Amino acid sequence: MFPPQQGNELGGISEGCQHTIWRHTMDLINDANLNNISQRSCGHDLENLKCKRLEWVAFSDFRLIAHFLDACSSNIDKYMCGRLQPSESLTQGQTLACLQQHIDKLDEQCQKQIYHLSEIQADNIIMDRQLYLACINDHSKFCPEIAPGSGNVYKCLMQHKLDRMMSQQCQDQLLRRQKVIARDYRVSKGLARACKEDIKAFHCRRDVSDEKDIRLAQILLCLEGLLRNGTKVTKDCQMEMVEHRKILMEDYRLSPEIVSQCSEDITKFCNGLEVGGKTIHCLMEHTRPRKKRERVSFKCQRAVETLVKEADAGEDWRVDPVLREACKPVVDNSCKDVRGGDARVMSCLMEKLGTDHMTEACELALVQIQYFVARDYKLDPQLYRQCRDDAVRLCHAKKVWADDNASMDPERGPLVLPCLYRYAYHSQKNLKKLPYKIMTFTLDVRSYVTQLGERRLMLNVYLVLHGGWEGKKVVVVVVVAAAAVVVVVVVLLMDCIKENPVQKFFDYEIDGDKSRCKLGCTIVIKLKVSCLEEIRRVMRQRAISVDLQPEIEEVCLEDLALNCYEKTNRGEEMVCLQDNLERLTRECKSAVSNFTEDQAQHVELNPEIMAVCQGVMEKHCEAELKMGRDEGDLMECLIEHKNELDVRSNYKCRAAIEHFQLISLKNYHFTYKFKEACRPHVQRFCPDARTKYDVIRCLSEKVRNDTLRESKHSIPRECRQQLRAQLFQQRENINFDPVLRDACQKDIIENCPDVTHGAGQVLECLQINKARLTPRCHRAIFNVEKQELLDSSGDYTLLTTCRLMIRQFCHEEDEAHALECLKRYKDEKTFDSKCKVIVVRRMIEQNQDYRFNPLLQKGCHQDIPKFCSEVVATEPKDLELEGKVIKCLKIKFRERKLRLECEQQMATILREAALNYQLNPLLMAMCKKEIKVMCKADEEEEDSAGAVEECLKNAFLTGRIIDPGCRLEVANVIEEAKADIHVDPLLHQACGVDVSKFCSDIPQGAGRHIQCLQNVLQDSTKTLQPKCQTMLTKRIDMFKNAALIVVEPQTVEELYGHISRSPARVYFSIVALSLVGVILIAGFFCGRVTRRSAIMKNK
């Protein structure tokens, strides 16, 4: 060949020319004439040297390359790989390098020789002359301490392959080398030596002869499967595995499947990118777009899936160069104390998603990898290790980690992780969804039940064969239809019943857990605790993106493209799907609804809340966090404290909580505790209810009707408590009551434009401005007030404003009766003024309509139909009666016709109205001008001492009230006070001592105490207190004047009432009796005269 000094001159010869010279040289060597000449010239020397082939003379290293030239001759010509090389190490090095570039396309025999020579080169970089020369400077730069002559130089250079300081020519030569390694793992001496015993011991070359090449991916899958299944692999082998997994992820060109299946997709989507890992991640990104035209082909997606599994990219973040580069700052900052491997760092990075520690580049690369990990539970080593047995038993998962591609298809059908998740949280609900065969038979145990005599005992038993249970003991499911209870037992029926004929115990065994179960008990199939914890971790981490939830993403692709194509930020897609729940396709709606139910039960699945409310939970929900088991408790706690001062300042947290509350309005299942407590009653009483609002309204009406009828509640206590909680939340924000919000949208703009939504402020504003509301809104407000005033547990403003007062005065009362309790204590000196304003406002509302006052309804339920039926019949059902029924009852109160219970309730109402004129809507309406002018009172000011009513009474007495309507209403007030001294609190306060002294033995009511005081006043032997005497004298004058003004009786009944109430009723009685006597005498006289006349005429 050529001497070394001519090496530089060869650089100027083209590759085509070199190949021509190379072929000419080979022809000369193989020429028969040259062979004869050499025999004559060398004679016996060639025989002594055993030079049976002249190539040994031409090529000093022909012992290495002899078979190579024979096997690859056609391939060398095909790819023009003949090269001239001035080297004594491996004269055909460049030819070998050229063929290595086309390793995938070579003949089988040629490939075998190439792999053999590549193995030889692996021992010494100098043997790979092209790589050695291309990387000589990089060797000095990156690996100065490693001397040529060992395979460690390869390893060092490959570790720095992606370094931007490495020369392009060295990178190209390393890629050539990696391609060969990817095709045959034995070319990598480090892996082959470190894992030799493991490969041999665990048959990783099964069904492959030693002469055939074994792909690196096949060996890695085998070894990874051993690790996943708990088999120990040597530490050195594990280290080599990590390095070679990196090789697969560094350059897509090392994966034949990617090259063949994704070539068009790479050209279409990833053209112009740097070759290597970035192209792989580009393909990953284009497996996720919502629009089909932006997605890679199905074959390409499968190829990427295969690569991710071969490289086991989910196990170690360092395997993926793009992920490693993007996430190194995050790892150094937030996961530096986490030991590498076993997906521990990957899990740490997933926990940082959505936090300030995560960078955008790291999040993108991480989600791209996790997209594939989420679709094969085996790629998460911690999850696989803890849940493998449960997955095999319950979800048809394969028993081995590594398997051929075809066997992966069933796992893509019934996805393993969603199946495990159903068993983790919905085992009974989803049990029936598993494939099964049912066979019914009757078991006659008469002969065994000896103590039951001749009675025949029959058991209906269903035999269910589930996947994974075949071949074990008999699986028996006893179905108790009445309670819908499923009991799963594995039994030896005859022996058990024979041993225990009376108690009928059954022995059962599930996964080796033997126990005894009495007939009728329930055994729930549960996952292992360690598996359950891993599932919770995985679901929490993957909740951040729809892409990481294949059971949702696969059925919602069209909906995402149609409704959420602009929602690309973290967590926005799921929020968008929830917002558009009504418009989703049936399959997508079902999947999103199921996930939303899970979010309601486990707030950790709500990334939006977890990202912004962590501090709030730690402060206000410490007890719930310590429980370690969230069954809707954390969400309930957050809702309860969202209006605390510190939470209101955290507007992001508050907004996230309220958004989930809005989502929960779409379906009552989205409120976990409410769903669990009320589901059977919703099915029974509200089968047609569509939304949560409909369910709440339906159940509320049922509870209210049971309360008013004093019948036994059809809704149990637990459901009623949850119902109250939902009503309370509705009243907090008008947005949580869609019917009220829609009805009052214009009214809010006109009457409450500057009122902040939340804390019940908008609803309170509408109630204050009720007179100015549109009819539709007015009716809606009426229904809200009716509900609140009958059950205070739903009155948000009352309960929050009066929280301390309720604790102080009403801590033993049910929240439903909070208003009635607060009314009793509102005049206490220590009573909070803000709370008193709300209580008085509620009392004013109650006096507008008897239906707002449950105590009045209960006390007067017989009197109202009897005396006020015309008023009730002619007035609208969904608007206030403006105090008309109460006015009717006042008349009967004055006439002393009410039953005792109703009279007591009316006395209470009149007494409160006397102390605060605002509680008398008719007086306010009739005397509005007089109140403002004469009594100097404003509607906004509180009147708790009865000053306004006393002012109007004095004005009436002095004749200053001109308006006839006002004069009449004040006269009515005076007349009502005459019926019961307690209705006139000022008189009662002045004469309290005298009443106790002179009238203690006289029953209350019917004006008896006032008549008693009048008698004392006229008795010269008795003396009243000066203050009482003055006040009573003034009241007597008022009574006389009022009697002249009160409306004249229109019926005989009203006339009788007036006479019976009159102070001169004795006089009227004597006159009436005298009149009757005169009529009788006149009639008797006239009768005799008429009779005499008739007798005379007959004569």
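Read-outs throughout are calculated quantities, based only on the coordinates presented, and are distinct from any laboratory measurement. Predicted model, so just to flag it, every value in this text is computed and none were measured. Quick reminder, even Gly has a Cβ in these numbers, built from the backbone with ideal geometry, and neighbours come from all protein chains shown.
For CYS821, what is the net charge nearby, where nearby means another residue's Cβ is under 11 Å from its Cβ and Lys, Arg count +1, Asp, Glu -1? Result for the local shell: -2. Pairs LYS826/LYS858; LYS884/LYS978; LYS836/LYS866: which are spaced more than 25 Å apart, C-alpha to C-alpha? The pairs that break the limit, which is 25 Å between Cα atoms, are LYS836/LYS866. Give LYS179/LYS352; LYS675/LYS712; LYS829/LYS890; LYS892/LYS929 a once-over and call out the pairs whose C-alpha atoms are over 24 Å from each other. Over 24 Å apart, Cα to Cα: LYS179/LYS352; LYS829/LYS890; LYS892/LYS929. The Cα center of region 792-861 and the Cα center of region 301-332 differ in position by 63 Å. Summing Lys and Arg as +1 and Asp and Glu as -1 over all other residues whose Cβ lies under 15 Å from the Cβ of HIS602 gives a net charge of -4. Legend: distances between Cα atoms for LYS673/LYS786; LYS589/LYS673; LYS770/LYS932; LYS786/LYS897; LYS141/LYS336; pairs beyond 24 Å are LYS673/LYS786; LYS786/LYS897; LYS141/LYS336. Within the shell of other residues whose beta carbon sits under 13 angstrom from the beta carbon of CYS1028, the net charge comes to +3, with Lys and Arg scored +1 and Asp and Glu -1.
A dipole drawn for region 659-811 from +1 and -1 charges on Cβ atoms has a positive end, and of LEU789, LEU727, CYS686 the residue lying farthest that way is CYS686.
So if I take the centroid of the Cα atoms in region 667-683 and the same for region 527-563, what is the distance between those two points in Å? Their Cα centres are 24 Å away from one another. For LYS528, go through the lysines and keep the ones whose alpha-carbon is under 22 Å away, minus same-chain ones fewer than eight residues off. In chain and number order, the partners are LYS378, LYS398, LYS399, LYS429, LYS432, LYS433, LYS472, LYS473, LYS514, LYS626.
Sorting 136-146, 727-737 by their mean Cβ neighbour count within 10 Å, with the most densely packed peptide first, gives 727-737, 136-146. Projecting label points 7 angstrom from Cα along Cα→Cβ for THR359 and ARG741 puts them 4.1 nm apart.
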